[in-house]
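The structure appears below as structure tokens.
The values are calculated or read from the model by the stated rules, or taken from the named source; none is laboratory data. Since this is a predicted model, take the numbers as computed values, not measurements. So basically every Cβ, Gly included, is an ideal-geometry build from the backbone, and we count neighbours across all protein chains shown. Keep in mind that these areas ignore ligands, DNA and RNA; they rest on the heavy atoms of the full protein, side chains included. Shrake-Rupley method; radii C 1.70, N 1.55, O 1.52, S 1.80 Å.
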Amino acid sequence: MNTGAIVMLVLGATGLWGGLAYFLWYAWRCSKKKQNVNPS
Amino acid sequence: MAQVRDQWTGRAGFIMAAVGSAIGLGNIWRYPYVAYENGGGAFLIPYFFALLTAGIPILLLEYALGHGHKGSSPLAYRRLSKKWEWLGWWQALIAFLISTYYMVILAWALSYTWFSFGTQWGGDTEKFFFDQYLGVTDSFWNFGGLQMNVVIPLLLVWIFVYFVMRQQAHKGIERLSRIIMPILIVMMIIITIRGVTLDGATVGLNALLTPDFGALIHPEVWVAAYGQVFFSLSVGFATMITYASYLKKDEDLSNSGLIAALSNSGFEFMAALGVFGALGFLAAQSGVDVQGVVASGVGLAFVVFPQIINELPWLNSMFGVLFFGSLVFAGLTSVVSIVEPAISAIRDKLGTTRTAAVNWICGSSFVISFLYATKGGINYLDLIDHFLNSYGLLVGAVLMTIAVAWTSRKVRDLQSHINRVSDVHIGSWWVICISVVTPLVLFIMTGMNIWEELQAPYGDMPYSGILIMGYGSLLLALIAAVIFHHMEWKANMEPVQFNEKEGA
């Protein structure tokens, strides 16, 4: 693959899959916090 | 008697159902071609821009409408402002009409999953699909009778969808999505790994990803990006309004929306790698460049992919089953989501049981779907799909933003509602996008579609067909929407104002 294609692949993967991973982690962290505040 | 509203088991169930709705056939057969045709790797720039300024904002708007007003789309709009109830019906009816032919495409994909065993389509895949499988007639108005090759899988798909829809949302749609979505993602990962490791895949990946930044000065490229994001996210169908109305009172909206949007986009980005890897392989085998084999939509799935499967060195049938099976799975979770808005709307308006509403909606859609199972069916499908998407969905979405931001002026209320229940708070950028950017872009897209329509008849189809089936389907939806708007609310679900509910 040429350099331009590799750069765009990395950018796309980081933006989309990285973004998804971040917001999944954030949702998990918030639900953990809520559980700690309200254990019932 | 007051109805008990369907409810998801929790946030994960809602996200699964929303992602299942968004990930459909277009992710696999539309995005790769649109990206390739509009700047290759550089397309990611307008794509991200469109996702942030239109896709995610409009998705959150629909979540807020459904969750804040706790109703199907007509009820949600009525609670926004009485005069906009018809728009909720319009969106639900456009989705209903789309479901009538979407089921037939699922039937084709089911047939091809079976044909994959032993690559039953033979060497000439185009002739097989159009002449043998569909038996396409030579003129538009020659219906040619029912094509049994299509009718049988169509019946099978309908039986399955009917039994899913009869269940309450958390038992039917949610359970289906929870089972199918992980399998679909695994299938697509396998397809992608196989696609990018084939001989010649690099040529296809270079064609898809090499950036042509010069293309970004063309407005069509930006419009294509907005169009891809809009059609891919299942917005404008009233689906997300309906799905969000099944959420519990304090369930998160914004982070769920971001997860759903990025799952959808991440999936289509991955699918594009697999598709273009496989196209590069086919180009290498055929001794042509990628331009010579690239296609989108029905042509990509049912003509080009069978060619690719024929050329594979080993496990041809297994790859075929994976590819067409993934189309069936992606389509199933999407089709249930475009039938649901009309079912939910009928239940809210007439106070009927879920079973009765499902019988009416699925029954009507079932009968209409046989139009596309005739030998001339693919022509009607192509024409009606064009009109419902180009005008039905777009106009509905433009009016939705106008209704919220300009006539009812409830956009700040909806923003407050999202922020009250959500982990990720949204700022004024969302208000600006919903009030200005999104309606402007959607308006331009609609204008461009109308301009193209005036240049030449769509697909060289006869004007009689365009008038009767194209404009006719839109007119039918409009008349039905107005009739439903004026019907009496029989259920005990009196409209309340958004702010009153907030304080409740």
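Measuring only protein heavy atoms, the 1.4 Å probe finds B:ARG79 accessible over about 20 Å². Size descriptors for the protein assembly as shown: radius of gyration and Dmax over Cα atoms are 22.5, 69 Å. Taking one quarter of the surface of the convex hull spanned by the alpha-carbon atoms of chain B gives a direction-averaged projected area of 21.6 nm². The residues of the protein assembly as shown expose, per residue, 38 Å² of accessible area to a 1.4 Å probe. When the Cα positions of B:ILE338, B:GLY227, B:THR352 are compared along the charge dipole of chain B, B:THR352 comes out farthest toward the positive end, with charges on each C-beta of Lys, Arg, Asp and Glu.
For B:THR374, nonlocal amide neighbours, meaning residues 5 or more places apart or on other chains whose placed amide H falls under 5 Å from its own, are B:GLN147. Among B:LYS490, B:LYS410, B:LYS127, the sequence by solvent-accessible area, most first, with a 1.4 Å probe is B:LYS490, B:LYS127, B:LYS410.
Structure shown: which of A:LYS34/B:LYS349; A:LYS32/B:LYS248; B:LYS410/B:LYS490; B:LYS171/B:LYS410 lie over 25 Å apart, alpha-carbon to alpha-carbon? Correct reply: A:LYS34/B:LYS349; B:LYS410/B:LYS490; B:LYS171/B:LYS410.
Can you pull the Kirkwood radius for the stretch B:12-113, inverse mean 1/r over Cα pairs, to one decimal in Å? Working shown, then result.
On the way: mean 1/r = 0.0612 Å⁻¹.
One over the average 1/r among Cα pairs gives 16.3 Å for the stretch B:12-113.
For the stretch B:11-486, the Cβ-based charge dipole about the Cα centre amounts to some 2040 debye (Lys, Arg positive; Asp, Glu negative; other atoms uncharged). The calculated FRET efficiency for the pair B:ALA356 and B:LEU156, based on their C-beta separation and a Förster distance of 25 Å, comes to about 0.55. Give me the base-10 log of I(q)/I(0) for chain A at each q in 0.22 Å⁻¹, Debye formula, one uniform scatterer per Cα, rounded to two decimals. Here log10 of I(q) over I(0) equals -0.69.
Count charges around B:LEU61 for me, please; just the other residues with Cβ under 15 Å from its Cβ, Lys/Arg as +1, Asp/Glu as -1.
Details: positive: B:ARG79, B:ARG409, B:LYS410, B:ARG412; negative: B:GLU62, B:ASP413.
Value of the local net charge: +2.
What FRET efficiency, computed as 1/(1 + (r/R0)^6) with R0 = 60 Å and r the Cβ-Cβ distance, is obtained for B:LYS82 and B:VAL136, rounded to the nearest 0.05? Computed FRET efficiency for B:LYS82 and B:VAL136: 0.80.
Which net charge results for the neighbourhood of B:ALA238, defined as the other residues with beta-carbon distances under 11 angstrom from its beta-carbon, given Lys and Arg at +1 and Asp and Glu at -1? Before the final figure, lay out the partial values.
Working: positive: none; negative: B:GLU62, B:GLU340.
That works out to -2.
Counting Cα-Cα pairs of the stretch B:79-130 in 5 Å increments starting at 0 gives whole-percent bin shares of 4, 16, 15, 13, 10, 9, 8, 7, 6, 5, 4, 2. The solvent-accessible area of B:VAL303, taken with every protein chain present and a 1.4 Å probe, is close to 10 Å².
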